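> To start, I am sharing the structure in question, which I have written as structure tokens.
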Amino acid sequence: LGFACDEGVKRNHGRPGAQQGPDALRSALANMASHRGHDSLVDLGNIHAEPDALEAAQEALSEAVMACQQAGMRTLVFGGGHETAFGHGRGVLDAWPDARIAIVNIDAHLDLRRAEQATSGTPFRQLALHCEQSGRPFHYTCIGVNPAANTQALLDEAERLNVNIIWDTDCQRPEQP
């Protein structure tokens with residue numbers, strides 16, 4: 001699934017262009033060799049976020065992911081900005097309400113920001129709130145976190161939510177003897 005969306009990045013005062021990501025990724029992957037399993041891949045096209053309609057697009061993505069998951073399909077979502085994570089994560093969580101779901105993010109940013117509306121900086125906080133509203137635990141690991149890329153308020157929120165943080169300095173290749 002593609003999530004063609006610039007709205008979350010714009011709301012977060014970032015650089016637009018993320019909406020071109022799904023098609024750019026498909027183009028980049030098109031010439032790669034596939035040795036097995038390619039016959040089971042299905043491209044379901046893009047979900048487009050209209051300006052000022054991020055929440056509706058996240059809802060559409062969530063419903064599409066949930067339907068795929070319940071049909072026994074694995075989902076891979078090409079984005080977009082990080083606002084993609086909320087729709088994808090919520091779809092998986094809703095498809096498996098009794099399962100223990102781990103959410104893994106590889107990024108310098110925790111993306112747990114508090115905001116009046118969804119942005120590319122809020123998806124994991126949105127997932128935490130969704131888990132709380134659903135009465136289920138929030139299992140979030142962020143790998144590569146950079147202290148300089150997160151405010152103390154975000155680090156405090158991560159601690160409150162019991163987020164598993166793997167710091168960027170712990171992601172280094174061990175020195176060879």
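The values are calculated or read from the model by the stated rules, or taken from the named source; none is laboratory data. On a predicted model such as this, the values are computed, not experimentally measured, just so you know. Positions of Cβ are generated from backbone atoms using ideal geometry, with glycine treated the same way; all protein chains shown enter the neighbour counts. These area figures cover heavy atoms from the full protein model, side chains too; ligands, DNA and RNA do not enter into them. Shrake-Rupley method; radii C 1.70, N 1.55, O 1.52, S 1.80 Å.
> Please work out the average accessible area per residue across the chain, using the 1.4 Å probe convention, and give it in Å².
61
> Could you run the Debye sum over the Cα atoms of the stretch 83-177, one equal point scatterer each and no solvent, and tell me log10 of I(q)/I(0) at q = 0.10, 0.15, 0.17 Å⁻¹, two decimals?
Values returned for q = 0.10, 0.15, 0.17 Å⁻¹ are -0.27, -0.58, -0.72.
> What do you reckon, how do T141, T119, T151 stack up by accessible area (1.4 Å probe), largest on top?
Values: T141 30, T119 10, T151 80 Å².
The residues order as T151, T141, T119, largest area first.
> Another question, then. Counting only trypsin sites (Lys or Arg not before Pro) that are in a DSSP loop and have at most 11 other C-beta atoms within 10 Å, tell me the longest site-free stretch of the chain.
Details: sites that count: R36, R74, R100, R114.
Between the exposed loop sites, the longest stretch runs 115-177.
> Sticking with this structure for a sec: For the chain, state the semi-axes of the equivalent ellipsoid (square roots of 5 times the eigenvalues of the alpha-carbon gyration tensor), sorted largest first and rounded to whole angstrom.
Each semi-axis is √(5λ); the values are 25, 21, 19 Å.
> Along its principal axes, what span do the Cα atoms of the stretch 27-71 show, with the longest given first and each in whole Å?
41, 27, 9
> Among the GluC sites (Glu not before Pro) in the stretch 81-168, which ones are in a DSSP loop with at most 16 other Cβ atoms within 10 Å of the Cβ? Mind listing them?
E116
> Find how many whole Å separate the alpha carbon centroid of the stretch 110-134 from the alpha carbon centroid of the stretch 61-88.
Here the answer is 16 Å between Cα centres.
> While we're looking at this one, here's another question. With charges set only on the Cβ (+1 for Lys and Arg, -1 for Asp and Glu), what does the dipole of the stretch 1-103 come to about its Cα centre, in debye to the nearest 20?
440
> Could you work out how much longer the chain between I106 and D168 gets when fully extended? Use 0.36 nm per residue separation minus the Cα distance between them, nm to one decimal.
Value of the extension gain: 21.3 nm.
> Mind giving me the FRET efficiency for Q152 and E55? R0 is 25 Å, r the Cβ-Cβ distance, nearest 0.05 is fine.
Working: r = 28 Å, r/R0 = 1.14.
Efficiency computed from Cβ-Cβ geometry: 0.30.
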